[in-house]
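S.K.: The structure that follows is given in the form of structure tokens.
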Amino acid sequence: MTRPPTPLSRLHERFGRETMLAPGRLVNVSNAALLMLVLLAWSAAAKSKSPPREHHDAWGSIVLNGEKTKVHWTDGDSFNIKDGAHVGKGTRLQGYNTLEAYGPVHSWGGWTAVELYEIARESASAAASKEWACTTDGKEDGYHRLLIDCPELALHMVRDGFAMAYAVDGAQASKAILDAQKEAMAAKRGIWAKGATKCIVSSLHSVDEEDDTPDRAYNRVVDTRTGQALKRPHQKKYETCEKVCESVDGDESCMVYVPFKRRYHDPPDCLK
């Protein structure tokens, strides 16, 4: 029976077992060397066919304290300022929160993490779709991000189902934003398309993070009925890609833990 040609035998046919390296000089090419050439060629071909990592960011502009400002949206509730008085600053928009867009990490109810990730990836473009009027008093959050207030943007993102009402540190969510959220839930828009949930985990922290100690680690859980995003202290060490769940009055929401330093550089398999 004639055996079908292999990649190695085809190389032998094409080049022979001897390969010319320089005029008048021949060297014997071993099977191992030829096999290495095949593997390198296949590896290069595979890499060339790999799709590029999809981006979830968007460019746009806002009017900040009366000044038109170019911004780069990293997701639906934060952007980097590219010119003007606050050039170079990262920001955090107040009053609402979008899902994390660095990977498929959220899940609840009938949603899979991949489905919610698709919505999260669209949030930056939704926020960049218009030039919003925004203000800041120069205050920053705990991550040194400039706090920004864009009232009409907040209503737009919540009403269209890209975001939830969000209030921290004892603040109260505005009635207008809560009403917009109720409208989105009733119409089953965006993150509410498979029904409403009483809670959404918005962030996770492990006790072994560089900026945390056993008495400071916490998870933040949003009660969607009030918009309150409350800290839940704990003393747990989470493994990268570990699924962590929290509940409010019988409704459960989960999030996959990924340390901040792994989200954008050297991402683990659960983000790919």
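Throughout, read-outs are computed from the coordinates displayed, never taken from laboratory work. As the structure is a computational prediction, the values presented were derived from the model and not from experiment. Cβ placement follows ideal geometry from the backbone for every residue including glycine, while neighbour counts extend to all protein chains displayed.
S.K.: Provide the gained length on full extension for the span LYS272 to TRP59, in nm with one decimal, where the gain is 0.36 nm per separating residue minus the Cα-Cα distance.
M.R.: Values: separation 213, 0.36 × 213 = 76.68 nm, distance 2.38 nm.
Taking LYS272 through TRP59 to full extension adds about 74.3 nm, to one decimal.
S.K.: Still on this structure: Which net charge results when you count Lys and Arg as +1 and Asp and Glu as -1 among the other residues whose beta-carbon is under 13 Å from that of ALA154?
M.R.: Numbers: positive: ARG92, LYS130, ARG159, LYS175; negative: ASP77, ASP149, GLU152, ASP160, ASP179.
Residues close to ALA154 contribute a combined charge of -1.
S.K.: Have a look at region 58-271 and give its Rg and Dmax from the Cα atoms, expressed in angstrom.
M.R.: That works out to 16.7, 47 Å for Rg and Dmax.
S.K.: Mind ranking 71-83, 107-119 by how tightly packed they are, going by the mean number of other C-beta atoms within 10 angstrom, highest first? Can you show the working numbers first?
M.R.: Details: 71-83: 21.3, 107-119: 16.6.
Output ranking for 71-83, 107-119: 71-83, 107-119.
S.K.: On a C-alpha basis, how far is the centre of region 105-126 from the centre of region 132-198 in Å? Whole number, if you could?
M.R.: Using only Cα atoms, the two centres lie 16 Å from each other.
S.K.: Now, a different point. Please provide three numbers in whole Å: the alpha-carbon extents of region 223-272 along the principal axes, with the largest listed first.
M.R.: Taking max minus min along each principal axis of the Cα atoms, region 223-272 gives 36, 23, 17 Å.
S.K.: Apply 1/(1 + (r/R0)^6) to the Cβ-Cβ distance of TYR143 and SER247, taking R0 = 22 Å, and write down the FRET efficiency to the nearest 0.05.
M.R.: That pair, TYR143 with SER247, gives E of 0.25.
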